[in-house]
Amino acid sequence: MNFIPPGMFRSTCKIDTTWFPFDTQVCKLKFGSWSYDGGTLDLRLKCSNESLSTNEMRLNDPNNCSEIGGADLETYVPSGEWYLEGMDGKRTAAEYDCCPYPFIDLSYFIQIRRRTLYYGINLIIPCVLISSMSLLTFVLPPDAGEKISLGVTIMLSLSMFQLLVADAMPQTSESVPLIGMYFSCTMVMCSLSVVFTVIVLNYHHRDAESHPVPNWVKKFICTYLANILCMRNHHRDEEKEPIYLRRRKNASFRTSSYREAANANVELKERSSKSLLANVLDLEDDIRTVGGVGGVGVSGIGASAGAFSPPTYQNVMGSSMDGGAERGGGGGGGGGGGPSCGSNCSTRNELAAVVRELQVITKKIADDTADGEISSEWKFAARVVDRLCLIIFSCFTVISTCAILFSAPDVFKG
């Protein structure tokens, strides 16, 4: 007799969420009787050996035909969330001292695997794309002003997806889900990207007034890391020297030997540089070297100018100085030198005032150039750190995605 009673059974089983959403669950259903032993109620699986007609023959079956089998899945309706891989059955006979026959029970092991298409499209792929977008914070220029906003927006998006994952999983603390681990790793990466973005912006907006460039930044970041990353500071022109360096070289060269420079005409070569700003800075030093602004007679200036004055000074002073020197230098300071000295001194004072104004302007330009070079060093250091973070976080994103998501045993089963 084959009795099939209608009914619906609801059961619960322990869920292991370690590999969620690539997990496989095994649920056990046990059927038996506590009131009737095997002599009265014999439960067995479907067996092909129909010769076992009595209970004694079935209980003493040497081939164990009725102990291992499976459930009939002909009327099974497929599920959209789970894939039924198998439903194995096992017959167990438990003997007790109170009863002559053993108690029979049947255990079915339902093995189901979660379908990952829904979770892949709605959770995994958006998370991978958002974590990849966090790398754009290191590509975005610091002057755009949106680096921090982009990083914070990505973190908020990941938090929203993490809430969706938490709602889809059972509330258990026995194991950390695979996708939860991936989301946590991505959140840590986005948080670190925001931190390094703040450091990059801090470097980019530094100037010479508050933050001079330390030596370790020049050597380690601007030189060592820049060479490794194949980066070059395009704002630094190695062929052109700064103005203040050229002025120092001109001053040291001029004070060493003015007489030899005048004889060898080296001063003319120094004055024929491409930039006129350095010559403007040197002009007042030439005047002071030749005769000084005050306290020196015109004849002394004329004599000095005729003997040791550099060519540029003679061109600037013009023929009026030469005429004054001729009139005032005849008798070594006679009475005819007074009127000439007044006009020459007036011209010299006006030229000295012009030179001082030009020196202030040129010094301002030189200071701005030096400050611009320091700011350029900080911006170059910011670009180097940005490029380094881009490479490190790109490698970290690829490695963490492959190591975490592909570590599940059933990731390629669909």
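The values are calculated or read from the model by the stated rules, or taken from the named source; none is laboratory data. Values in this document were obtained by computation on a predicted structure and should not be read as measured data. Neighbour counts are summed over all protein chains in view; Cβ atoms, including those assigned to glycine, are modelled from backbone coordinates with ideal geometry.
If residue 68 satisfies every condition in (1) modelled with pLDDT of 85 or more; (2) not assigned by TED's automatic domain parsing to the domain that holds residue 38 but one, which is the exception?
For residue 68, the failing item is (1).
Just need a number here: residues in segment 153-163 that are loosely packed, with under 14 Cβ neighbours inside 10 Å and in contact (Cβ under 8 Å) with a residue 12 or more places away in the chain.
Number of matching residues: 1.
For segment 203-228, how many residues are surrounded by fewer than 17 Cβ atoms within 10 Å (Cβ to Cβ) and part of a loop (DSSP other than H, G, I, E, B)?
Number satisfying all stated conditions: 7.
Restrict the check to segment 113-121 and report whether at least one residue is assigned to a strand (DSSP E or B), at pLDDT 90 or above and buried (at least 16 other Cβ atoms within 10 Å of the Cβ).
Start the filter on segment 113-121 by keeping residues that are assigned to a strand (DSSP E or B), which leaves 113-114.
Going one step further and asking which of them are at pLDDT 90 or above, we end up with 113-114.
From what is left, the residues that are buried (at least 16 other Cβ atoms within 10 Å of the Cβ) are 113-114.
Yes, the conditions are met somewhere in segment 113-121.
Please specify each residue of segment 147-197 satisfying the condition of being of a type in the set (S, T, N, Q) and within 22 Å of residue 405 (Cβ to Cβ). Steps first, answer last, please.
Filtering segment 147-197 down to residues of a type in the set (S, T, N, Q) leaves 149, 153, 157, 159, 162, 171-173, 175, 184, 186, 191, 193, 197.
Result: 157, 159, 162, 172, 175, 184, 186, 191, 193.
For segment 171-196, give me each residue that is aliphatic (A, V, I, L, M) and assigned to a helix (DSSP H, G or I). If you could, list the steps in order and put the result at the bottom.
Residues of segment 171-196 that are aliphatic (A, V, I, L, M), as a first pass: 176, 178-179, 181, 187-189, 192, 194-195.
If the condition is that a residue be aliphatic (A, V, I, L, M) and assigned to a helix (DSSP H, G or I), then 178, 179, 181, 187, 188, 189, 192, 194, 195 are the ones that fit.
Which condition from (1) closer than 14 Å to residue 131 by Cβ; (2) buried (at least 18 other Cβ atoms within 10 Å of the Cβ) is the one that residue 403 breaks?
Residue 403 satisfies every listed condition except (2).
Being of a type in the set (A, V, I, L, M) and buried (at least 18 other Cβ atoms within 10 Å of the Cβ) is the filter here; which residues of segment 382-400 pass it? Before the answer, list the steps.
Just the residues of segment 382-400 that are of a type in the set (A, V, I, L, M), to begin with: 382, 384-385, 388, 390-392, 398-399.
Residues satisfying the conditions are 382, 384, 385, 388, 390.
On the basis of being touching a residue at least 60 places away in the same chain (Cβ under 8 Å) and surrounded by 13 or more Cβ atoms within 10 Å (Cβ to Cβ), does residue 148 make the cut? Can you show your working first?
Working: touching a residue at least 60 places away in the same chain (Cβ under 8 Å): no; surrounded by 13 or more Cβ atoms within 10 Å (Cβ to Cβ): yes.
No, not satisfied.
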